[in-house]
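The values are calculated or read from the model by the stated rules, or taken from the named source; none is laboratory data. Bear in mind the structure is a predicted one, so any value in this text is a computation, not a measurement. Cβ: placed from backbone, ideal geometry, glycine included. Neighbour counts: every protein chain shown.
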Amino acid sequence: MTLTDIPVLLYYFTFASLLVVAFVYDLKHKLLPDFVSYGIILLFLVRFLFAVSFRVWGFGIWNLFVNWKLEIGNYFYDILASVAILALFGGIWFFSKGTAMGFGDVKLAPAIALFLGFQKGVLAVLFSFWIGAVVGIFLIMITRFSNIPKSDFGNGGRRFSLKSEIPFGPFLALGGMISLLWGNELLTWYFNLI
């Protein structure tokens, strides 16, 4: 690791820390704090401003972030993917009147997609739905077919069903972390497969 890698490492560590906060807070309180989504958007804006200034001036302190993709044109697709994910999650929230998904999820999903970029952002959302489905099915199956007393499930003494509230923020955070850590490898594997 060189000296120029430290700012980039701190940048991604900040993103990962915000995802951990979203995971734990939503799991405990079933609420996503606004500062997580806005913090992730702010991190994207920092990178975007570095890209613009690098494009304009081409040297100076911006060279510390030489490991980032600094092509301005690439950000169009990142923003487009984020808007599409906002429309998807906003539509789910609007048409279910907030019963299928909370508004914190509507803000967090496009923020993660904006930060990670087009391909890895879509991958993060896809993984969050897949992981959420697997965990939801597992909870329903374990409560339906087990002899564990209802009070041990942590669901207010009720069994899990299709109507149970399970926070989606932890799944978004997991999808974001998977995409951040292994997104390039997973995308390369997938595109080589087809």
### Message
Name the single residue that is surrounded by the fewest Cβ atoms within 10 Å (Cβ to Cβ) among those in the stretch 16-42 being within 24 Å of residue 76 (Cβ to Cβ) and in contact with a helix residue (DSSP H, G or I) (Cβ under 6 Å, 6 or more places away or on another chain).
### Response
41
### Message
Between 69, 107, which is of a type in the set (Lys, Arg) and at pLDDT 95 or above?
### Response
107
### Task
Mind listing whichever residues of the stretch 89-101 are crowded, with 16+ Cβ neighbours inside 10 Å and in a helix (DSSP H, G or I)?
89, 90, 92, 93
### Message
Residue pairs, Cβ under 9 Å, 6 or more apart or interchain, first in the stretch 132-147 and under 9 Å from residue 161 (Cα atoms), second part of a helix (DSSP H, G or I) and of a type outside the set (Val, Ile, Thr). List them.
### Response
139/153; 143/150; 143/153
### Task
Give the residues of the stretch 147-171 that are surrounded by fewer than 10 Cβ atoms within 10 Å (Cβ to Cβ) and at pLDDT 70 or above, sorted by residue number.
147, 162, 163
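Can you go through 95, 103 and tell me which one is among the aromatic types (Phe, Trp, Tyr) and either within 13 Å of the chain's Cα centre (by Cα) or farther than 23 Å from residue 21 by Cβ (or both)?
Of the residues listed, the single one that is among the aromatic types (Phe, Trp, Tyr) and either within 13 Å of the chain's Cα centre (by Cα) or farther than 23 Å from residue 21 by Cβ (or both) is 95.
State whether the residues of the stretch 28-44 include one that is in contact with a Gly (Cβ under 6 Å, 6 or more places away or on another chain), in contact (Cβ under 8 Å) with a residue 24 or more places away in the chain and not in a loop (DSSP other than H, G, I, E, B).
Within the stretch 28-44, none of the residues are in contact with a Gly (Cβ under 6 Å, 6 or more places away or on another chain), in contact (Cβ under 8 Å) with a residue 24 or more places away in the chain and not in a loop (DSSP other than H, G, I, E, B).
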